[in-house]
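Asker: If you scroll down you'll find the structure; I have some questions about it.
Rule-based calculations on the coordinates, nothing more; no lab input. Quick caveat: nothing in here was measured; it's all calculated off a predicted structure. Note: ideal-geometry Cβ built from the backbone for every residue, glycine included; neighbour counts use all protein chains shown.
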Amino acid sequence: MTAIEQSRTVAVVGTGTMGQGIAQVALVAGHPVRLYDALPERARQAAEAIAGRLDRLVEKGGLDADARSAALARLHPAAALTDLADAALVVEAIVERLEVKQELFTALEEIVADDCLLATNTSSLSVTAIAGPLRVPDRFVGLHFFNPAPLLPLVEVVSGHATAQPAATRAYETAKAWGKTPVRCADTPGFIVNRLARPFYAEALRVHEERGADPATIDAVLRECGGFRMGPFELTDLIGQDVNEAVTRSVWESFYQDPKFTPSLAQRRLVESGRLGRKSGQGWFSYAEGAEVPEP
Ligand code: NAI
């Protein structure tokens, strides 16, 4: 089973942070790309944002000016889901809610051709559960990119219970053809990365809650002596405290509330107070003045 041919259309549904990044990757890899979002202006904004990023790539010498123009000519915001009928691959990056994703794919499978690969970028939901209501769940796969998708090489290719081998292989080969480093994994909670990362965040939060050390010290220790690019506190500020907390909660619940994955009360308070990290200007650290935020 080979990668999806460059001439075939890739559709991205949900054009927020991840959808934009994934669309850019597919576009630069040579595919025609359709962008669809429940809010049509978001799809148009995403196309503009991608154009801006390609401009910066050209400025930095990472992309030829002709290649940029050719790529942008292949990028099409779609007004309706039915405009995705010619897609060979649909990558979904919408809101992280099971029933909303199920509803989307149930509608999509009536629109696209039988050989179209359907993929979810979910970070914490079960691929098997999303495919549950589908008429043809064997072509459904998890294609989990990391933020920022154009820069980070890893893609987890997740097989749900009903995923057929050829579909997973086609997704894997496609990610490889896009210059990514795909890894195959099964549909266990958090897949590989989001599960392995839980103790990294959880233990750091516990040290802080026990007054063992403050966030800046813990981050500095791991960054400067531990070889990590970012410490757990600054990293969760980048990811979004709400997003990170939701993933922890999902993994914890999926493992029948295994205490090993118990979410942190300190992080919960941070989310409740709206200190979501960089996107809200404040999280563990303040991005306005660079000063640390007092403990919630
Ligand atoms: P986002 O909030 O930036 O973007 C989501 C977009 O989906 C919005 O533009 C929204 O209007 C649209 N949308 C919502 N419901 C829709 C529907 N029914 N049909 C069409 N469009 C719809 O979200 P983000 O962060 O890009 O996350 C998207 C998915 O990617 C989630 O499943 C998330 O778990 C996953 N993910 C997120 C990562 C991150 O670091 N933010 C990393 C890896 C995966």
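Asker: Which listed residue (177, 36, 47) has the Cα farthest towards the positive end of the charge dipole for segment 9-186, taking +1 on Lys and Arg C-beta and -1 on Asp and Glu C-beta about the Cα centre?
Answerer: Going by the charge dipole, the pick is 177.
Asker: Percent antiparallel among DSSP beta bridges with both residues in the chain, to the nearest 5?
Answerer: Numbers: 7 of 32 bridges.
Around 20 percent of the beta bridges assigned by DSSP in the chain are antiparallel ones.
Asker: Follow-up. Give a quick list of trypsin sites (Lys or Arg not before Pro) in segment 1-108 that DSSP marks as loop, anything other than H, G, I, E or B, with at most 12 other Cβ atoms within 10 Å. Don't jump to the answer; show the numbers that get you there.
Answerer: Numbers: sites: 8, 34, 42, 44, 53, 56, 60, 68, 74, 97, 101; in loops: 8, 60, 74, 97.
Of the trypsin sites (Lys or Arg not before Pro), the ones in loops of segment 1-108 whose Cβ has at most 12 other Cβ atoms within 10 Å are 60, 97.
Asker: Which of rounded, prolate or oblate describes segment 122-259 when judged by the alpha-carbon gyration tensor and an a/c cut-off of 1.5? Please list the in-between numbers first.
Answerer: Numbers: a/c = 3.10, a/b = 1.71, b/c = 1.82.
Taking the square roots of the gyration eigenvalues as a ≥ b ≥ c, segment 122-259 is oblate.
Asker: Could you let me know the centre-to-centre spacing of segment 142-157 and segment 60-76, using Cα atoms, in angstrom?
Answerer: Using only Cα atoms to place each centre, the spacing works out to 21 Å.
Asker: Taking segment 122-224, which trypsin sites (Lys or Arg not before Pro) meet the DSSP loop condition and have no more than 12 other C-beta atoms within 10 Å?
Answerer: On the way: sites: 135, 139, 170, 176, 180, 184, 195, 206, 211, 223; in loops: 135, 180, 211.
Sites meeting the loop and neighbour criteria: 135, 211.
Asker: Restricting to lysine pairs 8 or more places apart or on different chains, what number in the chain have Cα atoms under 25 Å apart? Display every interim value, and only then the final one.
Answerer: Working: 60/176; 60/180; 101/180; 101/279.
For the chain, qualifying lysine pairs total 4.
Asker: Can you sort 116, 185 so the residue with the fewest Cβ neighbours within 10 Å comes first? Could the numbers behind the result be given before it?
Answerer: On the way: 116 22, 185 17.
The order, fewest Cβ neighbours first, is 185, 116.
Asker: Given charges of +1 on the Cβ of Lys and Arg and -1 on the Cβ of Asp and Glu, with all other atoms neutral, how large is the dipole of the chain about its Cα centre, in debye to the nearest 20?
Answerer: Values: 30 positive and 38 negative charges, 74 e Å.
Dipole size: approximately 360 debye.
Asker: Test of understanding: given the chain, find the longest segment containing no GluC sites (Glu not before Pro) that are in a DSSP loop and have at most 12 other Cβ atoms within 10 Å. List each step's numbers first, then the result.
Answerer: Working: sites that count: 5, 110, 210, 289.
By the stated rule (loop sites, at most 12 other Cβ atoms within 10 Å), 6-109.
Asker: Output the relative contact order of segment 179-281, whole-number percent, from Cα pairs under 8 angstrom with separation of 6+ residues. Before the final figure, lay out the partial values.
Answerer: Working: 89 pairs, mean separation 28.9, N = 103.
Over segment 179-281, the number comes to 28 percent.
Asker: Also: Looking at the chain as a GNM with Cα springs under 10 Å, which of 166, 137, 259 has the largest mean-square fluctuation?
Answerer: 259
Asker: Which of the three applies to segment 9-186, rounded, prolate or oblate, going by the alpha-carbon gyration tensor with a ≥ b ≥ c and a/c under 1.5 meaning rounded? Before the final figure, lay out the partial values.
Answerer: Values: a/c = 1.84, a/b = 1.44, b/c = 1.28.
In terms of gyration-tensor shape, prolate.
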